[in-house]
Amino acid sequence: MTAPKAATGGPSMGAIERVVAKWRADGIANPGAAPETIDRLERQVGDRLPADVRRFFASADGTEDGCMDEHHMSFWSIEKVIGETAELRDSGHGIDTRDTPVADFLIDSWFLFLRRLGEGRIGVWVEGVGLELESLEAFFERYEADPDSLGL
């Protein structure tokens, strides 16, 4: 089975694009973030953002505040990421200094983080199951194919 074609008839859609398209159909996706807003996220993370992270936030600046998807995840806007990161660090949540939260499960039961992996690489830390993935695209591939493996 091949992946569906993008709405423009261009190359096949990746997992990020398919998930964002579903969120749009469900009415919960925020509009994409402006490049300068994505640059602010990059400064927050403290390392160059990979193409998949930039593509995600350019497609959808998270889900609408207060909305959860079918797996009870809320993906944050960049503004919320910046505010919540400071709040979580100040609260004593004990987040790793390599991590920047970008989503939560069941209203802060656990978090999804962008994680600086070293050597200029950014991966994803799934706090709920203690799983580190090499990319945001890899997270969304599992999110689609095997959400149970992510604790969803």
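Coordinate-derived values only; no laboratory data. All of these numbers come straight from a predicted model, not from anything done at the bench. Reconstructed Cβ throughout: ideal geometry from the backbone, glycine too, with neighbour counts over all protein chains shown.
Summary table below
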| item | result |
| --- | --- |
| Qualifying positions in the stretch 95-109 - surrounded by 16 or more Cβ atoms within 10 Å (Cβ to Cβ) and of a type outside the set (S, T, Y) | I95, R98, D99, P101, V102, A103, D104, F105 |
| Test for D26: is it within 14 Å of the chain's Cα centre (by Cα) and charged (D, E, K, R) | no |
| One residue from A51, A33, A58 being crowded, with 19+ Cβ neighbours inside 10 Å and out of contact with any strand residue (DSSP E or B) (no Cβ under 9 Å at 6 or more places or on another chain) | A33 |
| Top-ranked residue in the stretch 74-94 [being surrounded by 18 or more Cβ atoms within 10 Å (Cβ to Cβ) and touching a residue at least 24 places away in the same chain (Cβ under 8 Å); ranked as farthest from D61 (Cα to Cα)] | T85 |
